[in-house]
Amino acid sequence: MIDHMSLPVSDYARSKAFYLKALAPLGYGIAMEVMPEQSGGASYVGFGSDRKPYFWLAPSQGSQSHIHVAFVAKDRTAVDAFHRAALAAGGKDNGAPGLRAHYHPNYYGAFVLDPDGHNVEAVCHMPG
């Protein structure tokens, strides 16, 4: 349903470094970067796979609300690796990897707060 989304960040370089490390275990990396001379003033980075950016970081234009974004993980091991990588990159634990049976019996997810306080999740819906 969603082709792509943008997340406002207060420190572009810090957030780019965080997501580069946190999303690597899920198989996502930088798919495109738009430089200031191309955009008319700011840098933007799009993370995704197969050269298709799905998740963009954009400089914040002032105060912002926190959002929640969940990334697909191919298996539970990838969810665990995401959580470790995101914490190592400076994220704050917001829910250790584990089953969330109140969503459904195979919902296995982990939650981390990014440098701006956005709630970032990796989730696998497959049986263990």
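Annotations
- Residue ID - modelled with the highest pLDDT, chosen from residues in segment 62-77 that are out of contact with any strand residue (DSSP E or B) (no Cβ under 7 Å at 6 or more places or on another chain) and of a type in the set (S, T, N, Q): Thr77
- Here Gly46 fulfils each of the conditions (1) farther than 14 Å from Pro8 by Cβ; (2) open to solvent by 50 Å² or more (accessible area, probe 1.4 Å) apart from (2).
- Residues that are out of contact with any Lys or Arg (no Cβ under 7 Å at 6 or more places or on another chain), surrounded by 14 or more Cβ atoms within 10 Å (Cβ to Cβ), in contact (Cβ under 8 Å) with a residue 12 or more places away in the chain and farther than 26 Å from Asp11 by Cβ within segment 96-122 comprise Pro97, Gly98, Asn106, listed in sequence order.
- Only a single criterion out of (1) under 13 Å from Asp114 (Cβ atoms); (2) open to solvent by 20 Å² or more (accessible area, probe 1.4 Å) is not satisfied by Leu57, namely (2).
- Residues in segment 60-85 that are loosely packed, with under 14 Cβ neighbours inside 10 Å, more than 11 Å from the chain's Cα centre (by Cα) and of a type in the set (Gly, Ala, Ser): Gly62, Ser63, Ser65.
- Remark: pairs (first residue in segment 84-95, closer than 13 Å to Ala24 by Cα; second residue open to solvent by less than 70 Å² (accessible area, probe 1.4 Å); Cβ separation under 6 Å; 6+ apart in sequence or on different chains) = Ala85/Ala22; Ala85/Pro25; Ala86/Ala22; Ala86/Val112; Ala89/Phe18; Ala89/Ala22.
- Looking across Val123, Val34, one residue alone is out of contact with any Asp or Glu (no Cβ under 7 Å at 6 or more places or on another chain), among the β-branched types (Val, Ile, Thr), under 20 Å from Asp3 (Cα atoms) and at pLDDT below 95. It is Val34.
- Restricting segment 1-24 to residues that are within 11 Å of the chain's Cα centre (by Cα) and open to solvent by less than 40 Å² (accessible area, probe 1.4 Å), the residue that is farthest from Gly91 (Cα to Cα) is Leu7.
- Number of residues in segment 25-43 that are β-branched (Val, Ile, Thr) and either under 19 Å from Ala78 (Cα atoms) or open to solvent by 40 Å² or more (accessible area, probe 1.4 Å) (or both): the value is 1.
- Looking across segment 52-85, the residues that are closer than 15 Å to Cys124 by Cβ and of a type in the set (Phe, Trp, Tyr) come down to Phe71, Phe82.
- Just one residue in the set Val72, Val45, Val34 is free of Cβ contacts under 8 Å to residues at least 60 places away in the same chain, in contact with a Lys or Arg (Cβ under 7 Å, 6 or more places away or on another chain) and β-branched (Val, Ile, Thr); that residue is Val45.
The values are calculated or read from the model by the stated rules, or taken from the named source; none is laboratory data. Note that the coordinates shown come from a computational prediction; the quantities given were computed from them, not determined experimentally. Glycine also receives a Cβ, built like all others from the backbone with ideal geometry; neighbour counts cover every protein chain displayed. The area values use the complete protein model at the heavy-atom level, side chains included, leaving out ligands, DNA and RNA. Shrake-Rupley method; radii C 1.70, N 1.55, O 1.52, S 1.80 Å.
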